[in-house]
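Since the structure comes first, as structure tokens, the remarks are kept for the end.
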Amino acid sequence: MQGLSTIMSTNTRICTLFALLALLALSANGQTITGAITGTVTDPSGAIVPNAAVTATNTATNLTYETRTNEAGVYNLLFLPVGDYTVTVAAQGFKRSTLGPFKLEVNQTARVDVRLEVGDTTQTVEVRDIAPILQTESTQTGDTLTSQKLTSLPLKGRNFVSMTLLIPGAVSPNPEATNSRFGARPYVNGNREQTNNFMLDGIDINDSIDNRVGYSPNVDALEEVKVLTGNMGADYGNAGGATVMLTMKSGTNQFKGNVFEFLRNEKLDANGFFRNRNPNTAKRLGYKRNIFGGTLGGPIRRDRAFFFVNYEGTEQRTSGPASASVAPQAWRQGDLSQFPNVIRDPQAGGAPFPGKQIPQSRIVNPVARKLFSSPDLYPLPNQAGAGALGVSGNYASSSASTLKNHQGDAKLDYRLSDKDNLSGRISWGEYESYGSRTALPVNMTSGQLGPTRSGVINWVRTFSPTIVNEARVGFSRIIIKDTTVDWSGKLGPNGNQAFGIPGGQPVPGLSSVSLGSGLTSVGASGIFSNTADNKYTYYDNLTWQKGRHLLKMGAQFMRYQQNRYYSGNNGVLGIFSYNGTYTGLDYADFLLDQLASKGRGSATGTWG
């Protein structure tokens, strides 16, 4: 009995070990960026045909992928690059049969069953009009945006993210924002936009702060965009929302390319209905946008090596009216008789200032003195203002902004041998946007920089007709910098010193100072942030065909590094605010330099 107990205990441990390994393989299965073709080969009576030669041919590159049916008549062609394929089956005593072409998509397992006809192998039966390939090997839901759909439908800004709103179950509370870089993403099946996972050729391209899309490829360079929305397998984790897989095009045996230019400007735009009827706004707003670039792909060595490159540039300039609320001449001289408030003197025990007049000698705030003596920085009103005090929007000016984006990709595909296929891609992008003008020279604008780098190498190795492995290594670096811009250049690196604010400053500009009483604040707090995400990724997928059963196992390893700097809400320049605590009027507190609060964030320091 003791020996039997020992054997049973050993068997239990072995079974437990295999169960744990199976669960591990299932949960750690790496994500694939390829497709597969499977099916059963039978004779006219429906009996299986083992050891039949099966060949899938990519019609664009003429690359072939071969296998044989097993003892159950089943074949599997795994880890195939996306594209159009034909399937040819040959067996002794039967006519050769060719089906297709048909489209193979990312993460698709296309079932192509073949029924052979009795005859000589020198005879060929071609079936071109085959039924649409259905996804019967998986219950996952979603849809695919093909290259034709991406490039033929109107696409503002040529950002693929806005096209994902065409997927069933995808909505956005702000669809317009999906057109911009680092903009909004879809809400899929009720999940927040931060729960999506975006991948380019199987490599993560999300930033870590808000899960924004760090890199948006040229849509002319995309073979397809596949969006999985539900019932995804264990190999598609990392996200509770949608998984969006982008696949870059590859070169073919034919040289193909395109050159494009998209132009938009105010001369071609329609004006708004109400702007046309207002003589002050009848002129169209300034808007000039050029999106230009091209693609080129072809053979390096026919039937073996191929290349694909692309470039896209964007130059955008916008302008329009802007207004500010500035202090009238009387207010600058301390005449506050226009206010209904009682203006109290904090140095006289709270007694009212006679006639609501603050003597010039009591206007001691150095910021006020500098503003009122510098009409080039802080001009007088140039139009009638609105509101009870007549100061709202009393200064008319203009604003402008600039956006630049330049990016490109290069991809190489190489058939090393009949058993080895290698592909590699590198991507780079340089993005910047900033406000180039605003109403007042003492106001500052914001800017954003977004350089991006990404690369991936994918290797598919066929060990035998039943065992195939896919290995992939990748790297991505996504940087998002938010800055404050001294657009006029009149404040400079010593702006605070010129306005009498001590303490120095790490960046050009002026600290944010609130004037109160409906007036536009001057300066800016200088909120800066810098996020640099580095991701090193390794995926491996192994597939083993055993009779009618297909065993899949894999793993994903990611080394993730985030270097993050944030100045805090008070910014690197700081804030000064006045609220009327001392005089009963915030603007009077400003003149007398009776601060309510002040603050300043961190100018240095990263964590990650």
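The values are calculated or read from the model by the stated rules, or taken from the named source; none is laboratory data. The structure displayed is predicted, hence computed values, not measured ones. Don't worry about glycine lacking a Cβ; one is built from the backbone with ideal geometry, like all the others, and counts go over all protein chains shown.
Scanning the stretch 337-358 turns up no residue that is assigned by TED's automatic domain parsing to the domain that holds HIS406 and assigned to a loop (DSSP other than H, G, I, E, B).
Given the condition farther than 27 Å from ASP482 by Cβ, touching a strand residue (DSSP E or B) at 6+ places or on another chain (Cβ under 9 Å), surrounded by fewer than 23 Cβ atoms within 10 Å (Cβ to Cβ) and at pLDDT 90 or above, answer yes or no: does some residue in the stretch 567-580 qualify? For the stretch 567-580, residues farther than 27 Å from ASP482 by Cβ, touching a strand residue (DSSP E or B) at 6+ places or on another chain (Cβ under 9 Å), surrounded by fewer than 23 Cβ atoms within 10 Å (Cβ to Cβ) and at pLDDT 90 or above: present.
When we screen LEU542, LEU519, LEU591 for residues that are modelled with pLDDT of 95 or more, crowded, with 19+ Cβ neighbours inside 10 Å, more than 28 Å from VAL485 (Cβ to Cβ) and not assigned by TED's automatic domain parsing to the domain that holds VAL74, the only hit is LEU591.
Please go through the stretch 379-392 and pick out each residue that is in contact with a strand residue (DSSP E or B) (Cβ under 7 Å, 6 or more places away or on another chain) and either without any contact (Cβ under 8 Å) to a residue 24 or more places away in the chain or not in a strand (DSSP E or B) (or both).
Step one: of the stretch 379-392, the residues in contact with a strand residue (DSSP E or B) (Cβ under 7 Å, 6 or more places away or on another chain) are 379, 381-383, 385-386, 392.
Matches in the stretch 379-392: PRO379, PRO381, ASN382, GLN383, GLY385, ALA386.
Taking the residues in the stretch 253-269 that are part of a loop (DSSP other than H, G, I, E, B) and more than 30 Å from ILE300 (Cα to Cα) as candidates, determine which candidate is farthest from the chain's Cα centre (by Cα). Ranking the candidates gives LYS267 first. Sub-6 Å Cβ pairs linking a first residue in the stretch 543-557 that is among the β-branched types (Val, Ile, Thr) to a second residue that is assigned to a strand (DSSP E or B) and modelled with pLDDT under 90, at least 6 apart or interchain, are THR543/LYS552, ordered by first then second residue. Taken over the stretch 275-327, the residue count meeting the criterion of being assigned to a loop (DSSP other than H, G, I, E, B) and within 25 Å of the chain's Cα centre (by Cα) is 0.
When GLY272 is tested against (1) within 28 Å of the chain's Cα centre (by Cα); (2) closer than 23 Å to ARG437 by Cβ, only condition (1) is not met. The strands (runs of 3 or more DSSP E) found entirely in the stretch 56-174 that carry 2 or more residues being within 24 Å of ARG304 (Cβ to Cβ) are 64-68, 74-80, 83-90, 96-104.
For the stretch 334-344, check the following and say yes or no: at least one residue is touching a Phe, Trp or Tyr at 6+ places or on another chain (Cβ under 7 Å) and under 21 Å from ILE501 (Cβ atoms). Scanning the stretch 334-344 turns up no residue that is touching a Phe, Trp or Tyr at 6+ places or on another chain (Cβ under 7 Å) and under 21 Å from ILE501 (Cβ atoms).
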